[in-house]
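All of the numbers you see were taken from the coordinates with simple rules; none came from a lab. Because the structure is a prediction, the values reported are computed rather than measured. Note that each Cβ is placed from the backbone with ideal geometry, even for glycine, and that neighbours are counted across all protein chains shown.
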Amino acid sequence: MDAILTSLANLEFYLVLAAVLGVAWGIVGGALPGISPSITMALLLPFTYALEPSIAIVLLASTYVGAEYGGSIPAILIRTPGTNAAAASVIDGYEMNKQGKAGLALGISLYSGVIGSLVGLSALVLFSEPLARLALAFTPPAYFALGILGLSVIVSLSGESLVKGLIAALLGLMISTIGTDPVSGISRFTFGVSDLLSGIQPILIMVGLFAMSELLKQASAQYEIRLKTIPRIQFPDNKLKKRLILPQCIGALFGGFEGLMPGAGGTIASFMSYNEAKRWSKSKHEFGKGSPEGIAAPETANNTVAETSLIPMLSFGIPGSNSTAILLGGFLIHGLIPGPMLFARSGDIVGDLYVGLFFAAIALLFIGIAIMPACIWLVNQPRPYLNAFIMVLIMSGIYSINNSLFELSVVLVAGIIGYFMRLLRFPFLPTVLGLVLGFMIESNFRRSLLLSGDELSIFFNDRISLVLLSVAVLFIIGSLAKRFIGFLFTKLKSKFAENTGR
Amino acid sequence: MLSRDFVGGLVAIALGSLYLIFSFRQRVSALADTIGPAGIPKVLGILMLSLGIILCAQAIFQTRKSVVPAATEWDGEARKIFRAFGLVVIGVIYIFMLTFLGYVLSIALLLVAVAFYLGAAFNLRMILIAAAGAVLLWTIFVILLGVPMPAGIFSQG
């Protein structure tokens with residue numbers, strides 16, 4: 001709380017401006033089908049290099065907030081969700097549009113998004129702060145255990161194939177070993193290339209995997225999207241606002257919970273809250289036919305997730321989603337390492353982030369209205385030009401970091417890797433996790449063994465390490481059990497269908 | 001026909017094997033700890049190799065069970081890969097041009113090349129958009145952010 005008060009006392013105009021610009025950029029990116037929040041953030045990442053750390057982080061985090069709302073614009077207007085999390089808003093949003101209520105549908109989405117952001121921000125402040133107290137007790141074994149806990153998340157991030165998720169994570173871990181060895185200082189896998197001595201910056205891999213590979217994928221895609229009219233955003237009246245309270249509470253609850261769970265993300269939260277809002281609604285029959293509650297619940301949920309998903313990232317340095325992985329990249333390029341020590345060493349930046357996110361939530365309300373014509377203009381532009389500008393932004397942004405042609409080549413190579421990972425259906429996030437956590441795991445594992453005289457018991461004698469390792473084991477067992485139950489359920493369902501002929 | 005999982009497994013095996021070979025060739029310093037600079041990479045290489053084999057085995061098992069031929073999985077993919085490769089080539093040419101032609105001219109040419117390659121018609125509008133885009137980006141990076149972008153053939157002396 002002190003950090004927030006200090007940040008407010010020294011509030012800078014540029015911090016507020018970063019929140020406003022981030023939200024605007026996020027809405028525009030979210031509104032473009034095929035451009036996810038993580039890509040929108042990845043495009044911005046290189047530009048943040050020249051900015052002050054607080055401003056850079058606020059800019060990126062606000063982009064995430066804006067993109068979650070931006071995704072609902074094409075979802076409501078053309079039945080094409082701009083982001084995965086906005087898919088649930090298509091159901092009733094598009095129906096309202098067909099009934100001539102597109103302005104009201106967008107107003108509900110915006111209003112619920114602001115409420116979701118504010119609820120999520122409160123949870124973020126409430127839960128992240130106490131974790132800061134752990135900071136000073138962290139030792140090398142505890143950091144190693146923290147890295148293992150981070151990697152255990154891969155079990156739930158792997159999608160349909162755990163083996164593929166593990167291979168993707170190993171790829172990230174392998175990339176993290178390129179450069180100078182953390183203990184002996186000897187070079188590894190550099191093949192005489194001096195540019196590789198300091199390792200490969202995660203930002204290059206992230207931009208390549210998320211943004212460049214998407215461009216390569218879209219090289220053969222056809223987009224024929226036209227938005228004919230610019231709807232006038234209409235906010236719900238008091239009677240409707242009262243009706244929306246319950247679905248918004250449901251959305252905030254699921255959003256809050258799912259944000260904390262790595263890998264769950266806004267999409268699951270949106271669909272779960274939609275289902276629950278329908279179950280608890282007095283007007284169940286309206287769902288699927290243009291129910292305002294059917295927009296309020298998922299939109300509150302995905303904006304809550306945009307804030308609460310920062311809790312595991314800030315507290316433990318574990319990104320639970322693609323967007324938080326990019327935000328983590330933003331921290332890393334400014335030499336900030338999210339995790340327990342962030343609160344102790346850079347409390348001012350955390351305070352600025354909270355304050356910036358508050359301004360972003362408020363700005364969402366105004367920017368969401370003001371930017372609508374610009375969004376619709378941009379969505380209507382020919383896709384080849386939009387993609388050409390995205391390519392140019394990537395190439396310019398990456399070059400601007402270190403004026404290095406080598407780094408441009410790394411991004412292209414990462415883009416090719418990402419393209420083939422998409423083709424062979426490997427998830428990206430485990431690779432990013434492996435890359436980000438690899439150095440921390442290896443260096444702290446080896447330092448711990450040096451400290452203990454090669455005794456593995458150091459990891460169990462350290463209380464924090466023991467707790468974190470136990471949580472990691474429980475998390476892996478829980479996720480595996482969930483997978484197994486899901487597998488059994490599908491088997492039984494297909495057997496039942498076979499027997500009954502249905 | 002090979003399924004995506006089988007190809008993925010083969011790639012993992014190849015990657016794991018190569019990585020393992022280089023791990024065994026890793027130079028070890030006299031200052032190294034017990035594990036040494038090659039210790040963790042060796043473990044990672046073995047794991048990658050093993051998981052690649054598991055993925056291949058899974059893919060073979062699934063292909064035998066599946067009633068849908070794997071051949072349909074790859075329909076149209078060769079054309080898509082070829083299109084993506086074209087974009088990579090444009091990116092590589094840009095990297096080679098950048099220091100020689102300078103930022104403004106290279107970025108304008110990149111805009112024209114990518115837009116044209118992705119299907120936009122080559123006309124005066126395209127040239128104007130590329131020129132305006134290049135000037136806008138130069139203003140953002142060089143004037144506003146103070147990034148020293150290469151001047152190339154426009155540099156004095």
query = What list do you get for A:Thr490, A:Thr40 if you sort them by fewest beta carbons within 10 Å?
reply = A:Thr490, A:Thr40
query = Relative contact order for segment A:251-340: what is it in percent, counting Cα pairs under 8 Å that are at least 6 residues apart?
reply = 34 percent
query = How long, wide and thick is chain A, going by the Cα atoms along their three principal axes, in whole angstroms, largest first?
reply = 71, 58, 51
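Using a 10 Å cut-off around each Cβ, can you sort A:Tyr111, A:Tyr49 from fewest to most neighbouring Cβ atoms?
Least to most surrounded, the residues fall as A:Tyr49, A:Tyr111.
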remark   = Neighbour-count ranking for A:Glu129, A:Glu214, A:Glu68 (other C-beta within 10 angstrom, fewest to most) reads A:Glu129, A:Glu214, A:Glu68
task = Just name one of A:Pro231, A:Leu197, A:Ser112: the one whose Cα is farthest towards the positive end of the charge dipole of chain A (beta-carbon charges, Lys/Arg +1, Asp/Glu -1).
result = A:Pro231
inquiry  = Once you order the gyration tensor axes a ≥ b ≥ c over the Cα atoms, which shape class does chain B get: rounded for a/c under 1.5, otherwise prolate or oblate by comparing a/b with b/c?
reply    = oblate
request  = Under 9 Å from the Cβ of A:Ser117, count the other residues' Cβ atoms, weight Lys and Arg +1, Asp and Glu -1, and hand me the total.
outcome  = -2
query = Per residue, what volume in Å³ does the convex hull of the Cα atoms of segment B:4-74 enclose?
reply = 66 Å³
ask   = Which order do peptides B:99-111, A:443-455, A:170-182 fall in by mean Cβ count within 10 Å, highest first?
value = A:170-182, B:99-111, A:443-455
query = How do the peptides A:344-351, A:377-384 rank, highest first, by the average count of neighbouring beta carbon atoms within 10 Å per residue?
reply = A:344-351, A:377-384
remark   = Scoring only Lys, Arg, Asp and Glu (+1, +1, -1, -1) among other residues with Cβ under 15 Å from the Cβ of A:Leu15 yields -4
query = segment A:141-212: percent of C-alpha pairs farther apart than 15 Å?
reply = 67 percent
Rg/Rg_globular for segment A:424-467, with Rg_globular taken as 2.2 N^0.38 Å and Rg from C-alpha atoms = 1.54
ask   = Of A:Lys289/A:Lys495; A:Lys289/A:Lys491; A:Lys164/B:Lys42; A:Lys278/A:Lys491; B:Lys42/B:Lys65, which sit over 23 Å apart, Cα to Cα?
value = A:Lys289/A:Lys495; A:Lys289/A:Lys491; A:Lys278/A:Lys491; B:Lys42/B:Lys65
key: Inter-chain shielding of B:117-125 (mean C-beta neighbours from other protein chains, 10 Å cut-off)   = 4
note = Within 10 Å of the Cβ of an average residue in B:93-103, the count of other chain Cβ atoms is 2
ask   = Per residue, what volume in Å³ does the convex hull of the Cα atoms of segment A:26-175 enclose?
value = 160 Å³
inquiry  = Suppose each label sits 7 Å from its Cα in the direction of the beta carbon; what would the B:Ile46-A:Glu455 distance come out to in nanometres?
reply    = 2.5 nm
query = Any idea what the alpha-carbon Rg over 2.2 N^0.38 Å comes to for segment B:77-154?
reply = 1.20
note = Taking only the alpha-carbon atoms of segment A:342-491, the convex hull volume per residue, in cubic angstrom, is 279 Å³
For residues of A:172-185, the mean tally of beta carbons on other chains within 10 Å = 5
inquiry  = Please state the shape class of segment A:276-403: rounded when a/c is under 1.5, otherwise prolate if a/b exceeds b/c and oblate if not, all from the C-alpha gyration tensor.
reply    = oblate
key: Spatial extent of segment A:332-412: Rg and Dmax, with the Cα atoms as the point set, Å   = 18.3, 48
